[in-house]
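Inspection log for the structure reproduced underneath, given as structure tokens.
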Amino acid sequence: MWRLMRRGTALLGFVLCVVFACVGPAAAQSDDGTKADQDRADQDHNTAGDSDGTAQTTLEGTIRLGFDRYIAGVEITVTDQAGAEIGRTATGAEGRWLIAVPDAGTYLVTLDEETLPDDLGLREGQETTVETTVFAGMARAVVFAVGETPKTTPFGERFAQRAFTGLKLGMIIAMSAVGLSLIYGTTGLVNFAHGELVTFGAVIAWYFNTSWGGLNLVVAAALGLIVCGALGAGLESGLFRPLRRRRLGVFQLVVITIGLSLLGRQAIQLFFGAEPRPYVDYQVQDRWDFGPWAVTPREVATVATIAVVLAVIAITLQLSRFGKATRAVADNTDLARVAGIDVNRVVLIVWTIGAMLAGLGGIFVGLDADIDPYLGFQLLLLIFAGVELGGLGTAYGAVVGSVLIGFATEISTLWISPELKFVVPLAVLILVLLLRPQGLFGIRERVG
Amino acid sequence: MEFDIIFGNAARAAFGPEAVILALAAIGLNVHFGYTGLLNFGQVGFMLLGAYGTSVSVATFGWSLWVGIPVGLALCVALALALGIPTLRLQAVLFAIVTIAAAEILRLIIGSTDAIDLTGGPLSISFDAGAFYDLNPYAEGPQVRYGVGTFAFTGQQMWVITVGWTLVALASLAVFLIVRSPWGRVLKSIRDDENAARSLGKNVFSYKMQALVIGGVIAGLAGVVDAIKTSGADPNGFRPQVTFFTYTALLLGGSATYVGPVIGAILFWFLREWIESFLRQLAAEAWLPQSISDPLSGSEGVISVGMVGLALILLVLFRPQGIVGNRTEMLIDDS
């Protein structure tokens, strides 16, 4: 079985190398906009909101797209409620604007949409004029949510683009979800620290990619995955196997994984820092046009790699001795044990592979958005949603459920604000629990 | 190393408004988890509604604070009903996931730009809590401090913590009274063996729902205190880890005990602030590596929250009953 696992690791690494190699070198000229996750455009509140001790009453803000594009030269006008102009300014080099107002009160802040760059506009549903109230001596931040999808794009094209983004997100969720689901299936443990495994993979690969040798991301990812696998194996043999022997209840296990999650996230934050950081490679790429889709090579690589990995997992589960053993343990651990299956070894391999899959998911998230310590925890609830939609404990269900969740999350942004998109999977999660607690592919179990 | 400052800071945190908020949240959670066995991992959702219900009523609608507080608490009742009706029949773990998800949904929606006119969205909301501070009997002033050394509060803080600890005492008393009653014994029987309670003809669902509402309202009270303390609310203050802190406090003090949540909350903040203060002192004397002791990095906070995680694991493994708890009252071997 160890041999099989080694073979699996080698295969994974090989697949990664092949797909990344297709991507080719990074092109230097064009700025790729998807990098900046749109929903971050709105989060520039706290920096501006803190008063710095001066008693001046001001309205201020930053016009930007994500964290890497600050937009200068946008005209902002402040008028009072009667319509008299108080001040007018244009954003500076860092997208900042600030207008002092004479007194506390309610003001109208207007953004001149004509002065935005051609490829940007206010997001749908956003008004160019915002009414805001400021208290005396305070700095009040005003948010204009800037998006990059021009309103002229036809609906079909936007739908196709979102569907692709959704597919990519769904597949990333799916890959992480398979591990969570297999671990639940074989040991009954719901691992709340799974999100930190995702973050850990992204962060370790980042270190290999930058400060520990500056390796190419493909090599860094392969090394990172080995570390992830080792971590998974270590957690199982060092912590969870002894815990299983103590026969702890559901509550104890859940709280232990939550404790691990906090501990892991804080440890990552201590060393890595809270600032989001990108990988070095494949950041700036020209888009490829396929009909309605304009996709970067790295997005194609993400989807293709995950498809291959998931196929390999499915074939392994279905055909190999290890796969059969895993399914047997998931089905009935005691029967599997009396049938001569080494349950602990199966679980150990499941943990190793599960942690590697989670880590790989993290690397793919980091490829497209910057890496920060909360990356995995944010994904965790989506993973839960995917696993629950598919049916807890079913590996294939987890994949289908996750992809559906990915679609739902991204396609919803056609109608709702992108910062609310993560509400959708959580709402789906609750609806599924309400209407079909066993999920799409689970077997109904009577509870309560 | 100035230990008087460290202990002063720790004591201030242990008796300050943060400990009041945590204690109230933990008392509510004790009703859910300690006595009824509900794995509620969305306690922060109730605190969020308590805080925002109050803030929005006053700041956006211009109502009196004394209307805003009941509005916040009423929202908590509504949340408990909305959460409980579909999910109380689920397995424990699924209930845990749903409650986390629900609290996150609330935080995302309240903190979104779309909600900016109502809740202030991603900006924090602030309101005039004058109606509360007007009643303050403590003398105020820039130089007026109550206490010794770093263990000292301003007049405003004294008023908040006086009212806050009174609320904690009242909530503890209320829980003591209801749990001691026949009603409370049914709750415990549900926690210990749900099917046994059901076979005796008890309406398990209804009892769980009542417990969810009561615990939720007490947590909502924590949110109200938080809103009054800061004269506002910020969506970032209501992340899921607040719920985990509440569990830590509850398990530290002792789940299913009357004083456990209060002792736990006091100890939680004492230890957390002690660690942070201690680390700051270490950093000031340059006994820490540069990467950790950078004063701007806030590493001491990062480390202390990590310690909370470690404490959770160790507590569950080695002393699940906490300081004053009784091991047989703990939910040890639920399926």
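Can you list, largest first and rounded to whole Å, the semi-axes you get for segment B:172-244 by taking the square root of 5 times each eigenvalue of its Cα gyration tensor?
In descending order the semi-axes read 32, 14, 9 Å.
Can you pull the percent of Cα pairs in segment B:1-62 with separation above 12 Å? It would help to have the intermediate numbers written out before the result.
Numbers: 1418 of 1891 pairs.
Counting pairs separated by more than 12 Å, the tail of P(r) holds 75 percent.
Dividing the alpha-carbon radius of gyration of segment B:49-109 by 2.2 N^0.38 Å (N being the number of residues), what value is obtained? All intermediate terms of the calculation are to be shown ahead of the outcome.
On the way: Rg = 13.8 Å, N = 61, 2.2 N^0.38 = 10.5 Å.
So the Cα radius of gyration is 1.31 times the expected 2.2 N^0.38 Å.
Order A:TRP293, A:TRP97, most accessible first, counting only protein heavy atoms with a 1.4 angstrom probe.
Ranking A:TRP293, A:TRP97 by accessible area, largest first, yields A:TRP293, A:TRP97.
Ignoring the sites themselves, what is the longest stretch of chain B with no GluC sites (Glu not before Pro) in a DSSP loop and at most 16 other beta-carbon atoms within 10 Å?
B:141-284
Note down the relative contact order for segment A:187-320 as a percent, whole number, built from C-alpha pairs under 8 angstrom at least six residues apart.
Value for segment A:187-320: 28 percent.
Could you work out the helix-only [θ] at 222 nm for the protein assembly as shown, with each DSSP H run of four or more residues adding -39,500 (n - 2.57) and the total divided by the number of residues, to the nearest 500 deg cm²/dmol? Don't skip to the answer; put the middle values down first.
Working: 29 runs with 459 residues, N = 783.
Rounded to the nearest 500, the figure is -19500 deg cm²/dmol.
Counting only protein heavy atoms and a 1.4 Å probe, tell me what percentage of the protein assembly as shown's accessible area is made up of carbon and sulfur. Don't skip to the end; give the middle numbers.
Working: 19330 of 31370 Å².
Answer for the protein assembly as shown is 62 percent, counting heavy atoms of protein chains only.
Any idea what diffusion coefficient segment B:94-157 gets from Stokes-Einstein, in µm²/s, Kirkwood Rh on alpha carbon pairs, 37 °C, 0.692 mPa s?
Result for D is 213 µm²/s.
Expressed as cubic angstrom per residue, what is the convex hull volume of the alpha carbon set of the protein assembly as shown?
Normalising the Cα hull of the protein assembly as shown by residue number yields 168 Å³.
Pairs of Cα atoms under 8 Å, at least six residues apart: use those to get the relative contact order of chain B, whole percent.
32 percent
Report A:PHE135's accessible area, 1.4 Å probe, all protein chains in place, as a number in Å² to the nearest 10.
A:PHE135 exposes around 100 Å² with every protein chain in place.
Provide the solvent-accessible area of B:VAL217, counting protein heavy atoms only and rolling a 1.4 Å probe, rounded to the nearest 10 Å².
40 Å²
Taking the Cα centre of the protein assembly as shown as origin and charging only Cβ (+1 Lys, Arg; -1 Asp, Glu), how large is the dipole, in debye to the nearest 20? All intermediate terms of the calculation are to be shown ahead of the outcome.
Details: 50 positive and 64 negative charges, 877 e Å.
Dipole about the Cα centre, nearest 20: 4220 debye.
If one takes the accessible area of chain B alone plus chain A alone and subtracts that of the pair, with a 1.4 Å probe, what total in Å², rounded to the nearest 100, results? The partial results should precede the final answer.
Numbers: alone 15290 and 20860 Å², together 31370 Å².
So the buried area, both faces added, is about 4800 Å².
What is the spin-label model distance, in nm, from A:ASP118 to B:THR166 if the labels are put 7 Å beyond Cα along the C-beta direction?
Placing both labels 7 Å beyond Cα along the Cβ direction yields 6.7 nm.
Per residue, how much accessible area does the protein assembly as shown have with a 1.4 Å probe, in Å²?
With all protein chains present, the protein assembly as shown gives 40 Å² per residue.
Could you pull the accessible area for B:LYS229 with a 1.4 Å probe, rounded to 10 Å²?
Taking all protein chains as shown, B:LYS229 has close to 60 Å².
Ordered by packing density, taken as the mean number of other Cβ atoms within 10 Å over each peptide's residues, highest first, how do A:103-109, B:118-124, A:255-261 rank? Kindly include the intermediate steps, with their values, before the conclusion.
On the way: A:103-109: 16.0, B:118-124: 22.0, A:255-261: 25.0.
Per-residue mean Cβ counts within 10 Å order the peptides as A:255-261, B:118-124, A:103-109.
Mind checking segment B:15-51 for chymotrypsin sites (Phe, Trp or Tyr not before Pro) that DSSP puts in a loop (not H, G, I, E or B) and that have at most 12 other Cβ atoms within 10 Å? Walk me through the numbers on the way to the answer.
Values: sites: B:PHE15, B:PHE33, B:TYR35, B:PHE41, B:PHE46; in loops: B:PHE41.
Sites meeting the loop and neighbour criteria: none at all.
For segment B:16-103, what is the relative contact order in percent, using Cα pairs closer than 8 Å and at least 6 residues apart in sequence?
Computed over segment B:16-103, the figure is 34 percent.
When the solvent-accessible surface of protein heavy atoms is calculated with a 1.4 angstrom probe, in what order do B:PHE3, A:PHE192 fall, highest first?
Values: B:PHE3 90, A:PHE192 5 Å².
So the residues, ranked largest to smallest area, are B:PHE3, A:PHE192.
What is the P(r) of chain B, as percent of Cα-Cα pairs per 20 Å bin from 0?
Per 20 Å bin, starting at zero, the Cα-Cα P(r) for chain B comes out as 30, 58, 12, 0 percent.
The values are calculated or read from the model by the stated rules, or taken from the named source; none is laboratory data. Small disclaimer: the values here were computed from a predicted structure and weren't measured. Heads up, the Cβs are rebuilt from the backbone with ideal geometry, glycines too, and the neighbour counts pull from every protein chain shown. All accessible areas refer to the heavy atoms of the entire protein, side chains included, with ligands and DNA or RNA removed. Shrake-Rupley method; radii C 1.70, N 1.55, O 1.52, S 1.80 Å.
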